[in-house]
Structure formats: structure tokens, C-alpha cells
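Enquirer: Take a look at the following structure, please.
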Amino acid sequence: MTDQELKDLVASLAVKSDRLDAQLTTTQAEVAETARVVKEVSRRMGSMASNQGDVAEEFFFNSLSQSKQIGSIHFDDVQQKVYGGKIGAQQEYDLVLLNGDSAAIVEVKYKVHPSSLEQLQKQLDLFKIHFPEHKDMKLYGGVAGFSVPDDVTEQAHANGYSSSNGKAKALQWMRM
């Protein structure tokens, strides 16, 4: 390789390196913008999911507040967003219904998933610990949702749940 060929090669490598640096800078800016957009979309999706959950909770709260009845059981009081347990390890109960001898815990979801049944069971297990004043009451548990897939209904029935009324899958019950 001649001296001139070597100089030409180094010059072309320098030009290619500058182009690569510019392309890398552009790509980094595009990646940063994509990350920003993904973060914003995630924030908005989280807000939307939270809003849907709030709508479902409000709907079931209003419905149960009007009738105060589930199946043949009448309740005197319906409470929304009840917290139990120690600060920092609190459990939120979406809806709690009370009468003189019974308490019902209703976990509300926009769309019910199998994990909703697990969450309800955890709440049932902790309720009398969090609220010892209700320790002698009959305890009922329910999951309410606008969408309850058939497989979740089947799992609920396999776990001992039964429908609170003959027509709706939206509210499933289990007596404890």
C-alpha cells in the first residue's frame, strides 16, 4: 500500500467515523424520545385503568347502597374504601357491607381475573384480624366486575363461590 493510499484510507475512515458519530447521536435522541413517549403512554394507560376501576367501584357502591341487599341477605350499612391493618401494611377493602350479624367484603374490578379471587381470599383471611369488633359475624366474600370471563366464573365455582342472583355473573359469593 502506498503512502497516498494509506492517507486516503485514513481519511475515508475519518469521514465514516464522523457519519457514524452523527448517526449514533441521532439514534440516541430517537431512543430518548421513544422512551419519553412510552413513559407518557404508560402513565396515561395507568390513569385510564385507574379511572375504569374507580367507575366500577362507584357503580357497585351506588347499586349496593340503594338496595343494601345481596341475594336474601339485607345489610344496614355499605362502606367504600375501608382500610384495615397497620400503617404501611394496610389492606384496602373496596366495599364492606354490615348488618347485626354479618359482614360482606366485595372486591371490585372493572374486569375480574383469577388473581381477584386470590386477593379476595387474602382480604377474608385478614378481615377479622383487622376488625376484631366484627370477629363474631358471619363473613361473606364477593367479587364484582363489569366483565367476568367464563374461566374465572368456573374457577370461582370450583372454589366454593355461588352466584348471588340467578342472572348475573358480575357478583360472585362465598359464605365463610
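Enquirer: Applying the selection to segment 126-145, what residues are farther than 19 Å from LYS81 by Cβ and assigned to a loop (DSSP other than H, G, I, E, B)?
Expert: Residues satisfying the conditions are LYS135, ASP136, MET137.
Enquirer: Being at pLDDT 90 or above and not basic (Lys, Arg) is the requirement here; does ALA56 meet it?
Expert: Details: at pLDDT 90 or above: yes; not basic (Lys, Arg): yes.
Yes: the conditions hold for ALA56.
Enquirer: I've got another one for you. Within the bounds of segment 40-52, is there any residue that is at pLDDT 85 or above and closer than 23 Å to PHE146 by Cβ?
Expert: So far as segment 40-52 goes, yes, one or more of its residues are at pLDDT 85 or above and closer than 23 Å to PHE146 by Cβ.
Enquirer: So, in segment 58-107, exactly how many residues are in contact with a Leu (Cβ under 8 Å, 6 or more places away or on another chain), surrounded by fewer than 20 Cβ atoms within 10 Å (Cβ to Cβ) and either acidic (Asp, Glu) or free of Cβ contacts under 8 Å to residues at least 12 places away in the same chain (or both)?
Expert: Going through segment 58-107 one residue at a time, the tally reaches 2.
Yes/no matrix, rows are residues, columns are (1) of a type in the set (A, V, I, L, M, F, W, C); (2) farther than 16 Å from TYR161 by Cα:
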site: GLU58; (1), (2): no, yes
site: PHE61; (1), (2): yes, yes
site: ASN99; (1), (2): no, yes
site: SER115; (1), (2): no, no
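Enquirer: Scan segment 111-123 for residues that are out of contact with any Asp or Glu (no Cβ under 9 Å at 6 or more places or on another chain) and buried (at least 18 other Cβ atoms within 10 Å of the Cβ) and jot them down. Reasoning before the result, please.
Expert: If we filter segment 111-123 for residues that are out of contact with any Asp or Glu (no Cβ under 9 Å at 6 or more places or on another chain), which is where we start, we get 111-113, 115, 118, 121-122.
Listed by number, the list holds a single entry, VAL112.
Enquirer: Go through segment 41-57 and report how many residues are surrounded by 12 or more Cβ atoms within 10 Å (Cβ to Cβ) and over 14 Å from LEU95 (Cα atoms).
Expert: Result for segment 41-57: 2.
The values are calculated or read from the model by the stated rules, or taken from the named source; none is laboratory data. Predicted model only: the values in this text are computed from it and were never measured. For neighbour counting, all protein chains shown are included, and Cβ atoms are generated from backbone atoms with ideal geometry for every residue, glycine included.
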